[in-house]
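Any read-out appearing in this document is the output of simple, stated calculations on the displayed coordinates, not a laboratory observation. The model shown is predicted, which means the values in this text are computed figures rather than measured ones. Positions of Cβ are backbone-derived with ideal geometry, glycine not excepted, and every protein chain shown enters the neighbour counts.
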Amino acid sequence: MGVVLYGGAFDPPHLGHVAVADAAKERFGVDRLVVLVDERPAHREVRASPEDRLALARAAFPADAVRLDPYPRTVELLRAERFDDPIFVIGADQFRHFLAWSEPAEVLERTRLAVATRPGFPHSEPDDVLERLDSPERVLFFEIEPNPAASTDVRARVAAGQPLDDLVPNAVARLIAERGLYRP
């Protein structure tokens with residue numbers, strides 16, 4: 001088995017991210033994966049600095065390799081770095097927009113995509129994307145348990161002074177408090 005890559009803004013990482021990582025490790029038979037924290041995400045604005053998000057991701061994924069990803073687009077990362085038979089993990093919500101990614105055909109040439117779905121996720125949406133790909137066999141689906149956590153909810157709770165117990169790992173909650181992140 002090659003390497004499993006899991007990228008994102010992680011602003012901040014939450015229990016849903018951890019669940020996806022754990023399910024991917026189990027599904028693809030790896031003990032560790034490489035967590036890539038987008039230094040400058042091309043697709044969204046981030047609130048915390050790259051250094052803070054890196055520290056938060058290291059707290060959320062202590063058993064994994066965690067590092068900054070300096071490339072704004074996945075295809076740029078895959079062109080610049082060599083990975084042994086990579087599998088790139090994304091959520092089903094991201095896969096809906098895969099055709100809008102920069103060079104989606106080249107992304108699939110350079111990596112397989114592992115798409116995390118929740119039970120009951122409507123298959124019509126990914127099927128629409130699959131039908132338009134040249135290499136749909138390079139897309140693998142795996143199911144995860146539902147988790148309602150979202151980074152926007154975490155930031156809203158911090159801003160309101162509410163506890164984060166059921167949204168983020170304890171180490172992430174401590175780091176957010178210590179660094180004073182996401183406060184108004």
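Among Val4, Val46, the ranking by other beta carbons within 10 Å of each residue's beta carbon, starting with the fewest, stands as Val46, Val4.
How are the alpha carbon pair distances in the chain distributed across 10 Å bins from zero to the largest one, expressed in percent? Computed distribution, short to long bins: 9, 37, 38, 14, 2. Computed per residue of the chain from DSSP H runs no shorter than four, each worth -39500 (n - 2.57), the mean residue ellipticity at 222 nm is -10500 deg cm²/dmol. Label separation (Ala159 vs Arg44): 1.5 nm, computed from points 7 Å beyond Cα along the C-beta direction.
Extension gain for His97-Asp31 works out to 20.9 nm (0.36 nm per residue, less the C-alpha to C-alpha distance). Annotation: the residues Leu133, Leu15, Leu113, sorted from fewest to most other C-beta atoms within 10 Å of their own C-beta, follow the order Leu133, Leu15, Leu113. In a fully extended conformation the segment linking Glu143 and Ala63 would gain 26.6 nm over its present Cα-Cα distance, using 0.36 nm per residue.
Sorting Tyr182, Tyr6 from the fewest to the most surrounding beta carbons within 10 angstrom yields Tyr182, Tyr6.
Considering only Val37, Val115, Val158, the Gaussian network model of the chain with Cα springs below 10 Å gives its largest mean-square fluctuation to Val158. Estimated at 0.36 nm per residue, the fully extended path between Phe83 and Asp166 surpasses their Cα-Cα distance by 26.4 nm.
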